[in-house]
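Have a look at the structure below before the remarks.
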Amino acid sequence: MTHFGIICPVSAGHLNPMTTLGYELIRRGHRVTVFNFIDAKDKTLESGLEFCPIAEQEIPAGTVAEQLKKMG
């Protein structure tokens, strides 16, 4: 069993395919951890993957959503 780590942007266009890939890897008997900002935690855990937060103090919850809103 291999332990895979996934790092990707939090936006849905990146996170959704990566969690799908992670789910398939788990289905095949591997272990998968997503390393990301706290805003990705709920989606990651809902997908059945492990989650390890990064930059919690620098990028607190809600920061990414606010930045994506500005970009839109």
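The values are calculated or read from the model by the stated rules, or taken from the named source; none is laboratory data. Source: prediction; values computed, not measured. Here the Cβ is made from the backbone with ideal geometry for all residues, glycine too, and neighbour counts use every protein chain on show. Note: accessible area is taken over every heavy atom of the protein model, side chains too, but ligands, DNA and RNA are not part of it. Shrake-Rupley method; radii C 1.70, N 1.55, O 1.52, S 1.80 Å.
Please determine, by comparing only the residues of region 1-36 that are assigned to a loop (DSSP other than H, G, I, E, B) and open to solvent by less than 60 Å² (accessible area, probe 1.4 Å), which one is modelled with the lowest pLDDT. In this case the residue turns out to be Ser11. Here Glu56 qualifies as free of Cβ contacts under 8 Å to residues at least 24 places away in the same chain, out of contact with any Ser or Thr (no Cβ under 7 Å at 6 or more places or on another chain) and of a type in the set (D, E, K, R). Could you say whether any residue in region 40-51 is among the acidic types (Asp, Glu) and in contact with a strand residue (DSSP E or B) (Cβ under 7 Å, 6 or more places away or on another chain)? Checked region 40-51: at least one residue is among the acidic types (Asp, Glu) and in contact with a strand residue (DSSP E or B) (Cβ under 7 Å, 6 or more places away or on another chain).
Residues of region 54-63 that are open to solvent by 50 Å² or more (accessible area, probe 1.4 Å) and either farther than 14 Å from Ile7 by Cβ or in a strand (DSSP E or B) (or both): Glu56, Gln57, Glu58, Pro60, Ala61.
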